[in-house]
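The values are calculated or read from the model by the stated rules, or taken from the named source; none is laboratory data. Every value quoted in this text rests on a predicted model; they were computed, and no experiment measured them. Backbone-built Cβ (ideal geometry, glycine too); neighbour counts: all protein chains shown. To get the accessible areas, we keep the full protein, side chains included, count just its heavy atoms, and leave off ligands, DNA and RNA. Shrake-Rupley method; radii C 1.70, N 1.55, O 1.52, S 1.80 Å.
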2 protein chains.
Amino acid sequence: MITLGVLGAGQLGRMLALAGIPLGMRFRFYDPLADPPASAVGEHTRASWDDHAALLAWADSVDVITYESETVPLTVVRGLMDRRPVRPGSDALRIGGDRLLEKEFLSGLGIPVAPFASVENLDELASALKRLGTPSILKTRGGGYDGRGQVSIADPANSAAAWDALGAVPATLERRVEFQRELAIVAVRGLNRRIITYPLTETRHESGILVSAVAPAPRMSEALQHSAASIAAHVLEALDHIGVLAIECFEVDGHLVVNEFAPRVHNSGHWTIEGAVTSQFENHVRAIAGLPLGSTDCLGHCGLVNLLGEIPALSQVLALPWAHLHVYGKASRPGRKVGHVTVLANDPHMLSERMQHVINLTRSNADSIQGSLS
Amino acid sequence: MITLGVLGAGQLGRMLALAGIPLGMRFRFYDPLADPPASAVGEHTRASWDDHAALLAWADSVDVITYESETVPLTVVRGLMDRRPVRPGSDALRIGGDRLLEKEFLSGLGIPVAPFASVENLDELASALKRLGTPSILKTRGGGYDGRGQVSIADPANSAAAWDALGAVPATLERRVEFQRELAIVAVRGLNRRIITYPLTETRHESGILVSAVAPAPRMSEALQHSAASIAAHVLEALDHIGVLAIECFEVDGHLVVNEFAPRVHNSGHWTIEGAVTSQFENHVRAIAGLPLGSTDCLGHCGLVNLLGEIPALSQVLALPWAHLHVYGKASRPGRKVGHVTVLANDPHMLSERMQHVINLTRSNADSIQGSLS
């Protein structure tokens, strides 16, 4: 029986274990937080990221190590690599966790990205703004997810305020992309180097947080899917990546411009639990365990609606015969991803109606709570 | 967050938790055995069935109690019923765990069963054999599962040997039913008394152990499905049962004769994890938690192949794009249920070919190990 060690024990770790346990795997998680979502499905070592003894003892108790978040310190991954296989490796984490390295890496591969510049101080910001123009977005190099660590600059006169708002830390300036829609592709590379991809997924964000996704992306040409798969393969091979990787893109006049990648299972692929033959979670654990990858075929038209802040009444969601509920076991907090609902349908129109139904449920719930507080 | 307490921590408990955790439920198991399959997905209290203090402390730590096996002592369930809701109740366990009571209960409801008689001693066995004729089957009243606790009697001259073979314990004699095939139906009754059923499943046994199942059962008339659903509803209501219940039947000239029922999720329904919109496991936890039941609709043609004794090479099973592997985390032992494979297909012929492929894999594996030992 193989034991997988997961650095981080959030909802991604939880869903990895729910997929891997039926394959006979055991899970051990390492996370500084108390009572994390994944503690329900494996042993949880609670210790800080700089507790070397705890990290080594934990590593010795597992067969293969993976990470479920870019917030895991790079030094932790590097410190464990000569102890156990860490898949994917440290490169994916180093580059994926730094917006400047990421953009340099992607553009170095010839993959289209938004015009960008490194910004280390206010002077560099001024000259970058002159070069790239506005509107642009100033983003911290590290620590950015769910819309954090970024601020828009519509007018160069506001550059000092933006610089201060981000905390005067090393950053990138990126020209805002005028896009028609946002798309994401989830791909997986096996230990035998085989690469397969899920269908392109259309994503919708609000305040930088993913709120819903539809797969396969509506009105998608074969050329677009092919282009996304080819970009994904390029990135996976350049990183010598093992496991799942997700790439977030903009569609601009029928072409893809890459925004960023995540070296892990990704929110835009949560629909695969019920909507694909093999979920992204199962394929990630298969890949890092050196097992054959499973089919990424899609079962009809799929969507997901994120549950943000709080879980609506269970009975309302479970009464919908075409919906599948996923609760992460996290405390409620405004805007926090606490669960998602997968929606399945036979055609895009029905899917859209059903997703709207779920969105209304989550909103009416928020409204009624707001109402009861006022 | 609701905490479900499960008496018993085998593979059924494990699969209940894998279905309930995504709904936000937590699981606590009570089982005298060390390192049981369900310990991967919840807290495991290891204590004996007669440790009253441990049982009460455990019960106080959960919201609702269920059991995953008829081997849980009736006294345990009865002792906890005034502490926490136990669903299903003790009647289902008392009757389902005693072959004589079960047959009396079923025939009392007017449900067709094989001719049977209570047998307390050798004299009663002789007179029962005279009345029922041969071939008949002598079965212990309690403790029977997977073909244990029963012996065939083809000739009344062998009755003493049969009686001794079973250990001279209270038994039933049942006339052997000449059937065309074996069928099972899984049904679930919600806390609101709503009843829904899965499609009839054709099952195949070897030496009393379920080896494979196909759903919906091939060549099934609407009348047969209706008859099975009506029998299930009858049983569920008579027991005031909450949760899943499975009924095993014989098909005899187009009619159903009931063999036995199990007051729990059942091996014949394991295909529902991937093959139905909502699995039997999810519907059981929904029912006992008072949540709406989910659709029992079937997704195409489904089958399951039990993995008996040992797990074949993971890579061989996972290379099959239409197969889903379920490993229970149990040690290998000849004939033991250690996992199952769900097989999906678009038509019955393809399903049959694919199931044969999996069966061959499990056999060639057993052969090659046999070969390497000889």
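Heavy-atom surface analysis with a 1.4 Å probe gives segment B:181-362 a carbon and sulfur content of 50 percent of its accessible area.
Accessible surface area normalised per residue over segment A:207-301 is 31 Å², counting heavy atoms of protein chains with a 1.4 Å rolling probe. Per-residue Karplus couplings for segment B:188-195, computed as 6.51 cos²θ - 1.76 cosθ + 1.60 with θ equal to phi - 60°, are listed in order as 9, 10, x, 5, 8, 6, 5, 10 Hz, Gly and Pro entered as x.
For B:F29, the residues 5 or more places off, or on other chains, whose built amide H falls under 5 Å of its own are B:V6, B:E43, B:H44, B:T45. Among the residues of B:312-322, the average count of other protein chain beta-carbon atoms within 10 Å of the residue beta-carbon is 4. Is it possible to state the helix-based mean residue ellipticity at 222 nm for chain B, with each DSSP H run of 4+ residues giving -39500 (n - 2.57), the sum divided by total residues, to the nearest 500 deg cm²/dmol? What is it? When only DSSP H runs of four or more count, the value is -9500 deg cm²/dmol. Per residue, the accessible area of segment A:111-177 comes to 48 Å² when a 1.4 Å probe rolls over the protein heavy atoms. Counting Cβ atoms of other protein chains within 10 Å of each residue's Cβ and taking the mean over peptide A:16-24 gives 6. Taken as entire DSSP H runs, the helices of chain B that both span 20 Å or more between Cα atoms along their own long axis and average -1.0 or more on the Kyte-Doolittle scale are B:222-239, B:348-373. In nanometres and ascending order, the distances from the B:L299 label point to those of the other copies are 0.0 (point 7 Å from Cα along Cα→Cβ). Non-local lysine pairs in the protein assembly as shown, meaning eight or more places apart or on different chains, with alpha-carbon distances under 29 Å, amount to 12. When you filter the chymotrypsin sites (Phe, Trp or Tyr not before Pro) in segment B:72-150 for DSSP loop state and at most 15 other Cβ atoms inside 10 Å of their Cβ, you are left with B:Y145. Charge tally for A:F261 (other residues, Cβ to Cβ under 9 Å; Lys, Arg +1; Asp, Glu -1): -3.
Highest GNM mean-square fluctuation, chain A, Cα pairs closer than 10 Å: which of A:G97, A:G254, A:G13? Among A:G97, A:G254, A:G13, the largest mean-square fluctuation in the Gaussian network model of chain A belongs to A:G254.
The accessible area of A:V177, taken with all protein chains in place and a 1.4 Å probe, comes to roughly 30 Å².
Relative to the other identical copies, B:A53 shows label-point distances of 3.4 nm, where the label point lies 7 Å from Cα along the Cβ direction and values run shortest first. Computed over chain A with a Gaussian network model linking Cα atoms closer than 10 Å, the most mobile of A:L109, A:L236, A:L183 is A:L109. Note on the protein assembly as shown: the C-alpha convex hull projects to 36.0 nm² when averaged across all orientations.
Largest accessible area first, the residues B:F29, B:F179 order themselves as B:F179, B:F29 under a 1.4 Å probe with ligands, DNA and RNA left out. Total buried accessible area between A and B, probe 1.4 Å, nearest 100: 2500 Å². The listed residues A:H234, B:H326, once ranked by accessible area (1.4 Å probe) with the largest placed first, stand as A:H234, B:H326.
For A:E102, B:E310, B:E251, the ranking by accessible surface with the largest value first comes to B:E310, B:E251, A:E102, using a 1.4 Å probe. Heavy-atom accessible area for A:W58, with the other protein chains in place and a 1.4 Å probe, reaches approximately 10 Å². Along segment A:323-337 the Karplus relation, 6.51 cos²θ - 1.76 cosθ + 1.60 evaluated at θ = phi - 60°, assigns HN-Hα couplings of 10, 10, 9, 10, 9, 8, x, 10, 5, 5, 6, x, x, 6, 6 Hz to successive residues, with x for each Gly and Pro. Peptide A:275-287 has a mean shielding of 1, counted as Cβ atoms of other protein chains within 10 Å of each residue's Cβ. Solvent exposure of B:D123, expressed as accessible area, is near 120 Å², computed with a probe of 1.4 Å over the protein chains only. Of all DSSP bridge pairs formed entirely within the protein assembly as shown, close to 80 percent run antiparallel. Among beta bridges from DSSP that stay inside chain B, the antiparallel ones total about 80%. Full extension of the segment from A:H234 to A:D50, taken as 0.36 nm per residue of separation minus the current Cα-Cα distance, would add 62.9 nm.
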